[in-house]
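Have a look at the structure below before the remarks.
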Amino acid sequence: MKTHATKTQAIRTQAIISAAFAALAATSAPLAAASGTAGAALPAGVAASLATATELAALPDGGWLALDKNGLRLLDASGAERTRHAVRGKQLDTRSQAGGVLATLVDSNTERTVAIDADLKAGTLRVQAPFPAPSFAPEAACLYRDAQQLSYQFLIAKDGQGEQWLLDGAERKLVRKLALPAHVRHCRVDDATGTLFVSESGMGLWAYSADAEGAGERHALALRQPFGKLAGGAGALALLPGGVAMLDAKGKSLNLFSRRNGAWLAQAPRALKATANSRTLASRSTASGAELLLNDDETKQWRTMTAGPHAGTAATASANTAAATPAGAPAIVLPRAQTEPMARLGDAADDPAIWVHPSDPSASRVLGTNKKQGLLVYDMQGRQTQLLESGRLNNVDVRQNVLLDGSRHDLALATQRDDNTMVLFTIDGNGAVAETVRFPTGLEKIYGICVYQPAGGGLEAFVNDKDGTFQHYRIGRKDGAFTSTLLRSFKVATQPEGCVADDRTGRLFVGEEKRGVWTLPAAADKGSAMSMVLPVGAVLTADVEGMSLYHGAQSSYLVVSSQGSNSYVVLDAAAPYKVRGSFRIGLNVAAGIDGASETDGLDVSSANLGGAYGEGMLVVQDGYKRLPDGPQNFKYVAWSDIATALKLR
């Protein structure tokens, strides 16, 4: 989701990069520390202390972390050594944390990541517990801190294998595996935009999404000729406000890149000093803006280059800074539980529905569709209790205590994509589910479904087709058999899927994936004129997917999956349908549960389901299972956590 604030920031950061290049254009080469002809020269004592360093990290207090062949040294602003950790290491990266800095590097002897807490006040370096051995020798490594303020380590092998590890919590955990280019020797992550930059030495510079949730994306920022305009290969990287700086593979030229309105922009490369042979790059914030530091392999000196001013609201040039949450960004809530994974790989899980036990909340059930297999039933801890192999089920919805032909039933209806039918399931008092009957629809590509209990009793169903057609059925029962009767048809212009009926108000809400959420009367005799509730735009991002209703004591809310932004929008369920906010489902470190992304279906209940779910719960389909990678599943979220995050109380 791109808010007005983030658009403004993008414009500012583009201006920052332009200013940086204007400053760089004033001189054709980086300057030796003592030259003083451009940029802020390093004091002689600092320059001498850094002379043996192969990698540098600027610290918030003006000091340095310097990595050389003998170890990692903590230096103060004058260059005096405060302490050191003996290690033969590479790939130094840092992030600010309480009391100082988190630093990571790769031990060249053991090929393991070493995480170190640098206490800037005490002047100490404390090595954290040993990091698990990766399944490959890391060629590149870098840190990432997300909007949830969780820290991660990216490790990349020479052959392109990649891993993302969670650093927070009692133990380090593998979040996901990645397939990256071969021969990547440098990487850096811009926390503010969640961008992972990797330089492929023989090809060029790539930008990936650093967020583990979702399918990810990749952009080529600069490619070697003949695929692009890059004269040589790609080398060391350093972050700048709103972009990244890259040396070529031989350290003879400098390239700067920034992003504006979703597109990456590259400035013309600048040739460096003829005698330079810079293979390492660092950046830091100064009073006048951002400054680049280059390590000259020939003279063994660090050279400085002014990179221009930076805006106070943009990310600083130092990689030490934590991610800042943009204004208007979705709140983050954590899942309390997750279901066991699907028995099928790939895009399998789709839509959940909640069944509430009549007397024991802890015995309630969650039904979930597996569109490669059938219907799954889970308990409140996420354990699978049943599998009904009913074929390619897509969406499911539940109603309880339905009066039909003099008897009451708990029923679930699902769409079956093999035979384009509605499948009716019965649910007994213990939550056991059984398939009962299939109703033909005549649709060609059946998709979504929702059910409705009119005030006068009975059960009705709305089922849709990918071409936008909706069919409205009455579900009945006669002589011991369930029946279906078509009441009406109506249509939206493009593909729908999610829908939900409000039994209290008699309103039906339908989602048109690329356009937004509509409402119309649920009763067949009140017409099918639709009005827009929430269009796709700044808050709701296509695709519009699952939706459900929360009926609270004071207010009722419509919850909609904004699949394109991996978030969920909450709005009033009555006109004028005021938006109350949006949220994302983050990673629960303590419980070892990943977040949720690309959600198809969801369901919410205001029933007291016990424990953390005393005010109800939300269940969502998770499009990408992480921590570690695995088959899809469903995530459970306590409504009280959502209410707190969005200030709904």
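What follows draws every value from the coordinates through simple rules; no lab data is involved. A quick note: this is a predicted structure, and the numbers were derived from the prediction, not measured. No Cβ is skipped: glycine too gets one built from the backbone with ideal geometry, and neighbour counts run over all protein chains shown.
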Euclidean distance of C-alpha centroids, the stretch 329-376 and the stretch 103-130, integer Å: 40
Residue (of Ser253, Ser548, Asn608) at the positive-pole extreme of the chain, dipole from beta-carbon charges: Ser253
P(r) of the chain over all Cα-Cα pairs, binned every 10 Å from zero, in whole percent: 3, 15, 23, 20, 15, 12, 8, 3, 1, 0
The chain - mean residue ellipticity at 222 nm from DSSP helices (-39,500 (n - 2.57) per run, n ≥ 4, rounded to 500): -1500 deg cm²/dmol
Gained length - Ser556 relative to Ala590, 0.36 nm times residue gap less alpha-carbon distance: 9.1 nm
Sequence of Ser201, Ser135 once ranked by neighbouring C-beta atoms within 10 Å, starting from the fewest: Ser135, Ser201
Counted charge near Arg145, where neighbours are those whose Cβ lies closer than 14 Å (Asp, Glu -1; Lys, Arg +1): -4
Relative exposure of Ile642, Ile116, judged by other C-beta atoms within 10 Å (fewest first): Ile116, Ile642
Cα-based convex hull, the stretch 331-645, per residue volume (Å³, whole number): 121
HN-Hα J in Hz across the stretch 340-351 - Karplus 6.51, -1.76, 1.60, θ = phi - 60°, x for Gly and Pro: 4, x, 4, 8, 10, 7, x, 7, 10, 5, 9, 9
Label zone at Arg126 (point 7 Å along Cα-to-Cβ), backbone N below 11 Å, the stretch 75-102: 99-100
Once the Cα gyration tensor of the stretch 40-180 is diagonalised, semi-axes √(5λ) in Å: 27, 17, 13
C-alpha center-to-center spacing [the stretch 223-282, the stretch 143-196] in angstrom: 22
Estimated translational D of the stretch 376-486 in µm²/s (Stokes, Kirkwood radius over Cα pairs; 10 °C; 1.306 mPa s): 110
Whole-number percent relative contact order across the stretch 331-645, with pairs defined as alpha carbons under 8 Å at least 6 apart: 17
Contour minus Cα-Cα distance for Glu81 and Asp61 (0.36 nm per residue): 5.8 nm
FRET efficiency, Lys158 to Gln225 (Cβ-Cβ, R0 22 Å, nearest 0.05): 0.40
Exposure proxy order (Cβ contacts within 10 Å, fewest to most) of Val198, Val536, Val398: Val536, Val398, Val198
Under 23 Å from the Cα of Lys635 - lysines, other chains or at least 8 residues apart: Lys173, Lys177, Lys371, Lys372, Lys625, Lys647
The stretch 91-220: relative contact order as a whole-number percent, Cα under 8 Å and 6+ apart: 15
Alpha carbon centroid spacing (whole Å) that separates the stretch 525-582 from the stretch 584-625: 18
Helix 4-25 axis, angle to the chain major axis (alpha carbon atoms, nearest 10°): 20
Ordering of 608-616, 239-247, 119-127 by burial proxy (mean other Cβ atoms within 10 Å per residue, highest first): 239-247, 608-616, 119-127
Highest-first arrangement of 522-530, 552-560, where packing means the average Cβ count within 10 Å: 552-560, 522-530
Cβ-Cβ FRET estimate between Ser108 and Lys514, R0 fixed at 45 Å, reported to 0.05: 0.30
Only Lys, Arg (+1) and Asp, Glu (-1) charged, at Cβ; the stretch 331-645 dipole about Cα centre in debye: 380
In nm, spacing of pseudo-spin labels at Asn430 and Leu265 (7 Å Cα→C-beta vector): 6.7
